[in-house]
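Data first, discussion second: the structure below is written as structure tokens.
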Amino acid sequence: MTGVDAGPARRTILASDDKVALVELFDGEREAIAAQSDNKFDSDPDDRPTPIEVPRFWAGLMLLETGELLGSMSWRPVPHLAELGGIGWNQGFHLLPNARGRNLSARGGLLLARHLFAMSEVDRIQAVTDPDNVPACRGLERAGFHREGRVRGITRRGGELGDLVMYSLLRSDLARYEGEREVLGQRDGVVLAVARPADGRVVAAASDGAFAIDRDDRVVPEPPQTPSHGVVLDAETGHLLGMVSWRAVSYGATFGCAAWNIGIELVPEARGRGVGTTAQRMLVEHLFATTGLDRVEAGVGVDNVAEERALEKAGFQRDGVVRGAQLRGGRRRDVALYGILRADLNA
């Protein structure tokens with residue numbers, strides 16, 4: 001291990017890239033960093049003894065050029081199975097306030113992952129964070145971590161059980177990112193290849209921002225792979241008339257660029273009675289009342305005239321045609337896209 005000047009003392013470097021380094025912390029520094037945290041996403045204190053003793057290791061994250069201490073990083077083993085292949089490392093970090101917003105969490109997360117893979121035979125590194133902690137989620141994604149899903153009821157904050165989002169990076173992921181690039185295609189002097197975690201930072205740094213969308217730190221809704229469902233009932237008899245669904249779609253990387261895409265399926269005897277119009281209008285009003293998104297859209301086959309009329313009666317406007325969007329009867333079919341904005345409700 002080597003040392004670098006950092007104020008009046010020299011620090012021991014555990015690992016480094018061209019900008020930041022993992023360094024040993026001096027006595028009291030970890031506590032001082034934690035004290036400067038706003039604790040917004042920290043769990044409630046819990047002094048109960050844990051069923052198993054889990055060691056935890058700490059290091060500082062330092063800017064190489066100046067020796068500035070940016071925060072602390074930690075890692076601990078997580079036994080998913082009682083064998084080496086079933087053990088992973090869980091990493092976490094606390095950035096100092098003056099280090100936030102500089103894309104350093106992604107760089108530090110990737111650096112720590114490299115270090116852990118190099119120093120151990122463990123093949124999995126994971127990290128959990130609050131789903132509302134957008135900077136942490138984005139930092140992990142920029143570092144190459146994959147979002148796996150939610151861990152339900154794993155934290156307690158303000159006396160209430162809450163969920164965390166799980167991210168992971170495998171040794172094989174890192175090898176794929178940092179070995180020779182996987183080429184997807186090549187033509188006319190241009191190569192299309194699989195991206196590496198640092199590529200986004202490089203491109204963003206060089207961008208002139210001509211078409212950049214507004215910064216938006218609100219959490220993007222759940223991915224479109226997990227739609228929500230509701231039922232349509234006859235108010236008088238309680239009979240099931242159909243189902244509605246809604247899922248998030250995105251026209252950019254921020255909350256402000258997301259929309260709800262809705263769908264409906266009615267039983268035959270419920271059609272032609274205005275049920276579709278009423279149900280879809282109520283769903284639109286519900287989504288606008290309970291979420292911050294400003295657009296609801298629906299796609300309908302261009303030959304489904306009845307559903308087009310139902311959407312128009314519900315206040316939707318036809319945006320255009322999405323060519324070949326659906327495969328029905330072995331053929332590609334066009335879909336008419338309809339949309340309604342929050343502002344349309346009060347127009």
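Full extension of the chain segment joining ASP319 with PHE211 gains 36.7 nm, where the gain is 0.36 nm per residue of separation less the Cα-Cα distance.
Note on GLU65 and ALA195: their simple-model spin labels are 2.4 nm apart, each label 7 Å out from Cα toward Cβ. Pairs of Cα atoms nearer than 8 Å and 6+ residues apart set the relative contact order; for the chain it is 8 percent. One entry in (i) 0.96; (ii) 1.05; (iii) 1.03 is Rg/Rh (Cα atoms, Kirkwood Rh) calculated from the shown coordinates; its label is (ii).
Using a cut-off of 14 Å between beta-carbons, work out the net charge of the residues near ARG273 (Lys and Arg +1, Asp and Glu -1, ARG273 not included). Could you put the intermediate results ahead of the total?
Working: positive: ARG271, ARG309, LYS313; negative: ASP234, GLU236, GLU269, GLU307.
Spelling it out: positives minus negatives among the neighbours equals -1.
Most exposed first by the Cβ proxy, i.e. fewest other Cβ within 10 Å, how do ILE262, ILE13 rank? Each step should come with its number before you reach the end.
Working: ILE262 26, ILE13 18.
Final ranking by Cβ density, sparse to dense: ILE13, ILE262.
Test of understanding: what is the full-extension gain from THR237 to HIS286, defined as 0.36 nm times their sequence separation minus their Cα-Cα distance? Length gained, THR237 through HIS286: 15.4 nm.
Ordering TRP58, TRP246 by the number of other Cβ atoms within 10 Å of each residue's own Cβ, fewest first, gives TRP58, TRP246. For the stretch 228-345, the residue among THR290, VAL275, LEU311 whose Cα projects farthest onto the positive side of the dipole built from Cβ charges is LEU311.
The numbers here are math on the coordinates, done by the rules we state, and not lab data. Since we're looking at a predicted model, the values are computed, not measured. Positions of Cβ are generated from backbone atoms using ideal geometry, with glycine treated the same way; all protein chains shown enter the neighbour counts.
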